[in-house]
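Below is one structure. I have some questions about it.
The values are calculated or read from the model by the stated rules, or taken from the named source; none is laboratory data. Quantities reported herein were computed from a predicted structural model and do not represent experimental measurements. A quick note on method: Cβ atoms are made from the backbone with ideal geometry, for glycine too, and the neighbour counts reach across all protein chains shown. Ligands, DNA and RNA are excluded from the accessible area calculation, which covers all protein heavy atoms including side chains. Shrake-Rupley method; radii C 1.70, N 1.55, O 1.52, S 1.80 Å.
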Amino acid sequence: MSKHNPIRILRNQCDALIQEIGLKNNKKCFVCLNRAEVMHHFILKSLSSALRYDFRNLIPLCNLCHFRNHKGDFEIAAIITQKKGKEWLTYLKENRRKYVQTNLKYYQNILTKLKL
């Protein structure tokens, strides 16, 4: 796929904007309370298009906690799950497998919603 693909360009814009909005509204790491540096997708982007732009799936983390999580430190996920609670986890599980057609119109709509 070309780097000039309009869907890829819009997806990257949406990804950047959701990070920007999330960090603007969440200053502290959810795990250690240091400065948040990234909005982590609890259900990975590659596993759920339906949750990719859902703020309930985004967790503010510092780079260290984010790195530890992706390197298999299950304590990070356990802390997040314990703090967020059972209802939150149930919501993610119920919505994880929803089908979303990720076409140009989808990303245009997401971009519009994020800019509101």
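From the backbone phi of region 7-23, what are the Karplus-calculated ³J(HN,Hα) couplings (6.51 cos²θ - 1.76 cosθ + 1.60, θ = phi - 60°) in whole Hz, Gly and Pro given as x?
5, 4, 4, 5, 4, 5, 5, 4, 4, 5, 5, 5, 5, 4, 5, x, 6
Excluding residues fewer than 8 places away in the same chain, name every one of the aspartates and glutamates whose C-alpha is closer than 20 Å to that of residue 45.
Once the sequence-local aspartates and glutamates are set aside, what remains near residue 45 is 15, 20, 37, 54, 73, 94.
Can you put 32, 62 in order of accessible area, largest first, using a 1.4 Å probe?
Accessible-area ranking of 32, 62, largest first: 32, 62.
Also, I was wondering about something else. Between residue 89 and residue 46, what is the label-to-label distance in nm when each label sits 7 Å out along the Cα-to-Cβ direction?
Output for this residue pair reads 2.4 nm.
With all protein chains present, calculate the accessible area of residue 40 using a 1.4 Å probe and round the result to the nearest 10 Å².
Approximately 10 Å² for this residue.
Here's a follow-up. Ranked from the most accessible area to the least, with a 1.4 Å probe and all protein chains present, what is the order of 99, 91, 107?
The most accessible residue leads, giving 99, 91, 107.
Let me ask something else about it. How much length is gained if the chain between residue 7 and residue 55 is pulled fully straight, taking 0.36 nm per residue apart and subtracting their Cα-Cα distance, in nm to one decimal?
Fully extending the segment from residue 7 to residue 55 adds 15.1 nm.
What residues have an amide H closer than 5 Å to that of residue 38, excluding those fewer than 5 places away on the same chain, when H is modeled at 1.01 Å from N in the peptide plane?
Placed amide hydrogens put 61 under 5 Å from residue 38.
Okay, helix-only estimate at 222 nm for the chain: each DSSP H run of n ≥ 4 adds -39500 (n - 2.57), divide by all residues, round to 500 deg cm²/dmol; what do you get?
So the calculated ellipticity at 222 nm is -16500 deg cm²/dmol.
At a probe size of 1.4 Å, how large is the accessible area of residue 73, to the nearest 10 Å²?
Here the accessible area works out near 40 Å².
Would you kindly find the accessible area of residue 20, with a 1.4 Å probe and non-protein molecules such as ligands, DNA and RNA excluded, rounding to the nearest 10 Å²?
Ignoring ligands and nucleic acids, residue 20 comes out at about 120 Å².
For a Förster distance of 35 Å, can you work out the FRET efficiency between the beta-carbons of residue 77 and residue 111, rounded to the nearest 0.05?
Approximately 0.75, to the nearest 0.05.
Normalise the Cα radius of gyration of the chain by 2.2 N^0.38 Å (N = residues in it) and let me know the number.
1.10
Separate question: What Kirkwood radius, in Å to one decimal, follows from the Cα pairs of region 1-59?
12.4 Å
Let me ask something else about it. Considering only protein heavy atoms, with the full assembly of protein chains and a 1.4 angstrom probe, order 116, 47, 104 by accessible area, largest first.
Sorted descending by solvent-accessible area, the residues read 116, 47, 104.
Here is a further query. Applying 1/(1 + (r/R0)^6) with R0 = 30 Å to the Cβ-Cβ distance of residue 101 and residue 16, what FRET efficiency is obtained, to the nearest 0.05?
For residue 101 and residue 16, the calculated efficiency is 0.85.
Choose one answer from 71, 98, 84: the residue with the largest mean-square fluctuation in a GNM of the chain with alpha-carbon springs under 10 Å.
Per the Cα network of the chain with a 10 Å cutoff, 71 tops the list.
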